[in-house]
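Everything on this sheet refers to the single structure shown next.
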Amino acid sequence: MPPPPSEQDAEVWAATQNAVHGRQTKVRISVQGKSSAAVVLDALHVRVVGRDTPEGGTAYHMGQGCGSELTPRRFTVNLDADRPIVHPKDGEDGADGGRVLPAVRFPYRVSADDPEVLLVDATTQTYDARWYLELDWSSQGRTGTIRIDDHGRPFQTASIKGMPHYWYGTDDTGGRAWVPLDSD
């Protein structure tokens, strides 16, 4: 396995390795209106389009940060549930010394001057799940639903339970390499 790339190149690198997200997929959604007119974000839904038994393999841990000046609204999704639901989650204001920001349920209001960032943390301990999100909105008497997926394909998140886990660190000889990670 080649060394991990810089964060901005991770998607292309993972595709060349035929990799899928293991246990967790974080989806960051930036939403902003086109004008000063309010757009109401009414709901966020998860749609699971398939579940299979995960294939065997090896799990490689690549840390990724969130990085934003906007504090995202956080959500969790358990892809193992019979009917997965997007749940709001308390957040943390990193700019304010880690102050807890209480979870806020839909609806949200956005406009050109008032954007929102939604961070969805979808997990599975059991399946190889394929899924996408739908964001319901309304504005000035119009309504719609926006599909959020992986460039036209469903997201794919697979359980890594029982797989060997590695992270890119310092090996016994002092060199940089994929080394075993104590895991669950």
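The values are calculated or read from the model by the stated rules, or taken from the named source; none is laboratory data. Computed from a predicted model, the values in this text were never measured in an experiment. With ideal geometry, Cβ positions are generated from the backbone for all residues, glycine too; neighbour counts draw on all protein chains shown. The accessibility values were calculated without ligands, DNA or RNA, using every heavy atom of the protein model including side chains. Shrake-Rupley method; radii C 1.70, N 1.55, O 1.52, S 1.80 Å.
Take the Cβ atoms of Ser6 and Thr170, set R0 to 22 Å, and the FRET efficiency comes out at 0.70. Amide H to amide H distances under 5 Å link Leu101 with Gly91, Glu92, Asp93, where only residues 5 or more positions off or on other chains count and H is placed in the peptide plane. If you run the Gaussian network model on the chain, springs between alpha carbon atoms under 10 Å, then out of Val12, Val48, Val104 the most flexible one is Val12. Here the spin labels are modelled as points 7 Å beyond Cα on the Cα-Cβ line, and at Gln140 and Arg28 they lie 3.0 nm apart.
With the convex hull drawn over the C-alpha atoms of the range 135-184, the volume per residue is 158 Å³. Between the listed residues Ser139, Tyr168, Gly152, the Cα displaced farthest toward the positive end of the dipole of the chain, a dipole computed from Cβ unit charges relative to the Cα centre, is found at Ser139.
Remark: the chain carries 62 Å² of accessible area per residue (probe radius 1.4 Å; ligands, DNA and RNA excluded).
Within the shell of other residues whose beta carbon sits under 13 angstrom from the beta carbon of Tyr108, the net charge comes to 0, with Lys and Arg scored +1 and Asp and Glu -1.
Taking Cα centre as origin and charging only the Cβ of basic (Lys, Arg, +1) and acidic (Asp, Glu, -1) residues, the dipole magnitude of the range 29-178 rounds to 400 debye. When the Cα positions of Pro72, Ala43, Gly91 are compared along the charge dipole of the chain, Ala43 comes out farthest toward the positive end, with charges on each C-beta of Lys, Arg, Asp and Glu. Only protein atoms count toward the accessible area here, which uses a 1.4 Å probe; on the chain, the carbon and sulfur part of that area reaches 46 percent. When Rg and Dmax of the Cα atoms in Å is calculated for this entry, the matching label among [x] 18.0, 60; [y] 14.8, 43; [z] 18.5, 65 is [z]. Compactness of the range 93-178, taken as the C-alpha radius of gyration over 2.2 N^0.38 Å, stands at 1.66. Cα convex hull, the range 1-55: 148 Å³ per residue, rounded to a whole number. The listed peptides 138-147, 73-82, 52-61, ordered by packing as a protection proxy, come out as 73-82, 52-61, 138-147 (highest mean of other Cβ atoms within 10 Å first).
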